[in-house]
Amino acid sequence: MQKSGEDEWDQLIAGANVATMSLERAPFGQVPYGRVEDAAIAVKGERIAWLGTAAEGRSRAAAQRLTVQDATGLWITPGLIDCHTHLVYGGNRVAEFEQRLCGASYEEISRAGGGIQSTVRATRAATPAELRASALARVRRLMAEGVTTVEIKSGYGLELPTERRLLEVARELGETLPLSVRKTFLGLHSLPPEFGADRQAYVDRVCGPWLEALAADGLVDAVDAFCENIAFTLAETNQLLMAARSLGLAAHIHAGQLSDMGAAELAAQWGALSADHLEYVGEAAAAAMAAAGTVAVLLPAAYFTLRQTTPPPVAMLRQNGVSLAVATDCNPGTSPCTSILTAMNMACTLFGLTPEEALSGTTRNAARALGLQDELGTIEVGKRADLAFWRVERPAELSYGLGANPCVGVMHRGRMREALIHDGYPTLDAGMLEA
Ligand code: DI6
Ligand code: FE
């Protein structure tokens, strides 16, 4: 091995078409998907060291006596980012799924003590091992579809020890799997029954000692609140955002899922990373979000599951220059979805995103929604080598299939998670998370 020099690489992947998703202008102007055909990507350590044509890459690799990994016939995208999930929880809500199909509404079930509260009961009763095992099964399905970064919210404990346990399981997934995890404290998800008589006492605990304790333990990258008439008010959400600011924590807000409470404006006001759902959002809020750089995270699998009929005003959001991300919202109640590709498909078919917008929604804009845009989300020199390899003819195919998984390989931090398989499905190593 030669000493480190500008041109020394650890790996070169050549021959694939690359959807960089970068907004950088190519010499001939911006191209769809930031695509580079018959390309090569060089990796050094955990970063992208070089990007160019396959021919030039191969000749530079030969000069370094580096074996080239041939990816001819594949497309490479940035590793996908699921920027909104609640995937650590106990039990499931299949009974409510059935009730809803027999006529009950989500709100009715929620007010009758079902909904989030039923998952809270199951989550409090679950052992850490149970929580870990069920979350692992879900996260593996996301990973099999090219996901290299996932955001995981707490919010099914609603008491300090259980909220801590959820965030610890989330952290552990990131430490033991080839996956990056961002942890969000969603203490204001639902009012727990023991505080039924005194909401303010609950909000004060979440925004005060609980948040401080969890943050001190390194378990909180950001906070979140479900700002909705069946959950928390604008004033309560504001209290949380103020507390987050004083601790230097980022914020997301569940905004405008069932009604417009003004939460998207509030998100923009506080410079939140994202406002999520946004079926109900007005133009002033959209303009404020664009100005603040607050990303709109669209969650079409929740919209689909709740059989909602008013989609987010995508054209208006676009016109106002709001960045659009797409995520699964994986949760037991409103989005039992562990498929980021299905969420992308639904973002197109139900919300009218273009396939390119759906892909930027799970790459470049999802990275922004997590504040990770300097590290992740596009294939550019200096960014982390998180890549997904696909057997597709063109990138739009990622949003096109329903139930297909064309992912044939994943690189996380410069390391191939699966062998580059040219035919057949990748198999995740069964022993990947033996705790
Ligand atoms: N919005 C949602 O869609 C989920 N949480 C939230 O704030 C629903 C969570 C659940 O029903 O368990
Ligand atoms: Fe959610």
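Throughout, read-outs are computed from the coordinates displayed, never taken from laboratory work. The model shown is predicted, which means the values in this text are computed figures rather than measured ones. Every residue, glycine among them, receives a Cβ derived from its backbone with ideal geometry; neighbour counts consider all protein chains shown.
Annotations for the structure displayed:
- Taken about its Cα centre, the chain carries a charge dipole of roughly 420 debye when the Cβ of each Lys and Arg holds +1 and the Cβ of each Asp and Glu holds -1.
- Among L188, A137, S105 the positive-end extreme of the charge dipole of the chain (Cβ point charges): A137
- Using 0.36 nm per residue and subtracting the Cα-Cα separation, the extra length available between A284 and R415 on full extension is 42.7 nm.
- Cα Rg, Dmax, segment 126-209, angstrom units: 14.4, 45
- Of V43, V139, the sequence from fewest to most neighbouring Cβ atoms within 10 angstrom is V43, V139.
- Radius of gyration and Dmax over the Cα atoms of segment 1-104, both given in Å: 21.4, 69
- Value of Rg to Rh for segment 213-323, rounded to two decimals, is 0.98; Kirkwood radius and Rg both from alpha-carbon coordinates.
- Share of Cα-Cα pairs in segment 313-380 lying beyond 21 Å, as whole percent: 26 percent
- Where Rh is the Kirkwood radius over Cα pairs, Rg/Rh for the chain: 0.98
- A run of the chain free of exposed loop cleavage sites, with trypsin sites (Lys or Arg not before Pro) counted only in DSSP states other than H, G, I, E and B and at most 16 other beta carbons within 10 Å, reaches its longest extent at 66-306.
- Amide H contacts of L353 (H built 1.01 Å from N, under 5 Å, at least 5 apart or other chain): C348
- Once both labels are positioned 7 Å from their Cα atoms along Cα-to-Cβ, the gap between L160 and S59 label points is 6.5 nm.
- The label-point distance for D70 and Q319, in a model that sets each label 7 Å from Cα toward Cβ, rounds to 5.2 nm.
- Projecting label points 7 angstrom from Cα along Cα→Cβ for F97 and F195 puts them 3.0 nm apart.
- The chain, helix-only ellipticity at 222 nm - DSSP H runs n ≥ 4, -39,500 (n - 2.57), divided by all residues, nearest 500: -9500 deg cm²/dmol
- Extension gain from R25 to R171, taking 0.36 nm per residue of separation minus the Cα-Cα distance: 48.9 nm
- Check: segment 118-269 dipole with +1 on Lys, Arg Cβ and -1 on Asp, Glu Cβ, in debye: 440 debye
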